[in-house]
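**Q** Pasting a structure below so you can have a look.
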Amino acid sequence: MQDELPTIFAITPTYARPVQKAELTRLSQTFLHVTNLHWILVEDSSVRTSLVKNFVLNLNDLANQVESGLKITHLNVETPAAFKTRLTDPNWKKPRGVLQRNAGIDWLRDHFKEASPSSPSPRGVIYFADDDNTYDLKLFEEMRSTRKISIWPVGLVGGLNVEKPLVEDGVVVGWNTQWEPQRPFPIDMAGFALNLQHLLERPQARFTYNIRRGYQESHIISQIINDKTELEPKAANCTRILVWHTRTENPKLGHEQKLKVASNHGMEL
Ligand code: UGA
Ligand code: MN
């Protein structure tokens, strides 16, 4: 068991909107190409919706046809109304995906709670993979060897072409971040991965609403390491961009309101 490749546990919050199935399709068809990936897909919803249930059923069929061994766990938890981003809110106003990522972490803690020194939990890596970013397959092979926390550049984020750690002699010595650069670890959620064992050993480590906007990443990383020099730079010492913080336009569906019968009547969108 321990000789096997470490499993990548990708935790993805997702919520209902017109592009949801398109986003999940795009993301899952990347994941189908990654060896030993366990996808923890967490709906921001009070129930597991039939759209996502159907999507997961079909994906399991696809997964059985390929050799990579994609596993899927489908969970749900609803963001309380007070913390929900409204359509009219600017996207940065409230943190997104907080409870969903915690539900993924809790599932891992529960799933591996029987682990002991004689029967250890599998070697694994946790990555918080939002449903709208664009991921190069090489990224997953980079993060697989994470011992504590690995880190790499993220394209198209924070008002820059790329946000990245500055690396000298294989050690992170600073950041090129412009947005809130005083954060302890000023990087996007897409820019780091955690070793499973290190997270399991810290039962308090989780996301929270009780911190300043933009501090979620720093908060979780700070619970595992104290200093940036402990980070493991990946992607050729942080000189390559293997993930982009793409954001999908909200489609204009104004004509749909005029129809008596939805244009996709009988068709799942
Ligand atoms: C940025 C970061 O890249 C996110 O990791 C961070 O969660 C977010 O800011 C934040 O402000 O909290 P951004 O592109 O603005 O990302 O956020 P989204 O991609 O819209 O949302 C992040 C994740 O949460 C996505 O997987 C999305 O599907 C999910 N989400 C979003 C929900 O589960 N519920 C929502 O109401 C909104
Ligand atoms: Mn996003």
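The values are calculated or read from the model by the stated rules, or taken from the named source; none is laboratory data. All figures in this text were calculated on a predicted structure; none of them were measured in a lab. Cβ sites come from the backbone with ideal geometry, for glycine too, and all protein chains shown count toward neighbours. These area figures cover heavy atoms from the full protein model, side chains too; ligands, DNA and RNA do not enter into them. Shrake-Rupley method; radii C 1.70, N 1.55, O 1.52, S 1.80 Å.
**Q** When you check Gly266 against the structure, is it within 16 Å of ligand 2 (Cβ to nearest atom) and of a type outside the set (Lys, Arg), yes or no?
**A** Considered against the rule, which asks whether it is within 16 Å of ligand 2 (Cβ to nearest atom) and of a type outside the set (Lys, Arg), Gly266 comes out as no.
**Q** Of all residues in segment 156-166, which are within 12 Å of ligand 1 (Cβ to nearest atom) and surrounded by fewer than 22 Cβ atoms within 10 Å (Cβ to Cβ)?
**A** Filtering segment 156-166 for residues within 12 Å of ligand 1 (Cβ to nearest atom) gives 156-158, 163.
Across segment 156-166, the qualifying residues are Leu156, Gly158.
**Q** Report, by residue number, each residue of segment 194-215 that is under 17 Å from Trp175 (Cα atoms) and of a type outside the set (Ser, Thr, Tyr).
**A** Of everything in segment 194-215, just one residue is under 17 Å from Trp175 (Cα atoms) and of a type outside the set (Ser, Thr, Tyr), namely Gly214.
**Q** Return yes or no: is Lys258 among the charged types (D, E, K, R) and either touching a Pro at 6+ places or on another chain (Cβ under 8 Å) or surrounded by fewer than 11 Cβ atoms within 10 Å (Cβ to Cβ) (or both)?
**A** Numbers: among the charged types (D, E, K, R): yes; either touching a Pro at 6+ places or on another chain (Cβ under 8 Å) or surrounded by fewer than 11 Cβ atoms within 10 Å (Cβ to Cβ) (or both): yes.
Yes; evaluated as a whole, the condition is true for this residue.
**Q** Filter segment 86-114 down to residues that are crowded, with 16+ Cβ neighbours inside 10 Å and within 16 Å of ligand 2 (Cβ to nearest atom) and give me whichever is modelled with the lowest pLDDT.
**A** Checking each candidate, the answer is Lys94.
**Q** Among the residues of segment 50-94, which ones are more than 20 Å from the chain's Cα centre (by Cα) and of a type in the set (Val, Ile, Thr)?
**A** Residues satisfying the conditions are Val66, Thr88.
**Q** Let me ask something else about it. Could you list, in sequence order, all residues of segment 196-234 that are closer than 22 Å to Lys164 by Cβ, assigned to a helix (DSSP H, G or I), open to solvent by less than 30 Å² (accessible area, probe 1.4 Å) and not polar (S, T, N, Q)? Lay out the reasoning, then the answer.
**A** Taking segment 196-234 first, the residues closer than 22 Å to Lys164 by Cβ are 213-222, 224-234.
Next, from what is left, pick out any that are assigned to a helix (DSSP H, G or I): 216-222, 228-230.
So of that shortlist, the ones also open to solvent by less than 30 Å² (accessible area, probe 1.4 Å) come out as 216-218, 220-221.
Within segment 196-234, Glu217, Ile220, Ile221 qualify.
**Q** Further, regarding this structure: Looking only at segment 126-152, filter to residues that are more than 12 Å from ligand 1 (Cβ to nearest atom) and among the charged types (D, E, K, R); which one of those is surrounded by the fewest Cβ atoms within 10 Å (Cβ to Cβ)?
**A** In this case the residue turns out to be Arg147.
**Q** Can you tell me which residue in segment 179-195 is surrounded by the fewest Cβ atoms within 10 Å (Cβ to Cβ), limited to those that are aromatic (Phe, Trp, Tyr) and assigned to a loop (DSSP other than H, G, I, E, B)? Quick ask: steps written out before the conclusion?
**A** From segment 179-195, those aromatic (Phe, Trp, Tyr) are 179, 185, 192; that's our starting set.
If we keep only those that are assigned to a loop (DSSP other than H, G, I, E, B) as well, we get 179, 185.
Working: Trp179: 14, Phe185: 23.
Filtering first and then ranking leaves Trp179.
**Q** Ok, one more. Kindly list, by first and then second residue, each pair from a residue in segment 204-228 that is under 20 Å from Asn176 (Cα atoms) to a residue that is of a type outside the set (Lys, Arg) and open to solvent by 60 Å² or more (accessible area, probe 1.4 Å), limited to pairs with Cβ atoms under 7 Å and residues at least 6 apart or on different chains.
**A** Every condition considered, the pairs that remain are Arg213/Trp92; Ser218/Pro184; Ser222/Pro184.
**Q** Regarding segment 234-245, can at least one residue be identified that is within 18 Å of Ile11 (Cα to Cα), within 15 Å of ligand 1 (Cβ to nearest atom) and not β-branched (Val, Ile, Thr)?
**A** The answer is yes, given that some residue of segment 234-245 is within 18 Å of Ile11 (Cα to Cα), within 15 Å of ligand 1 (Cβ to nearest atom) and not β-branched (Val, Ile, Thr).
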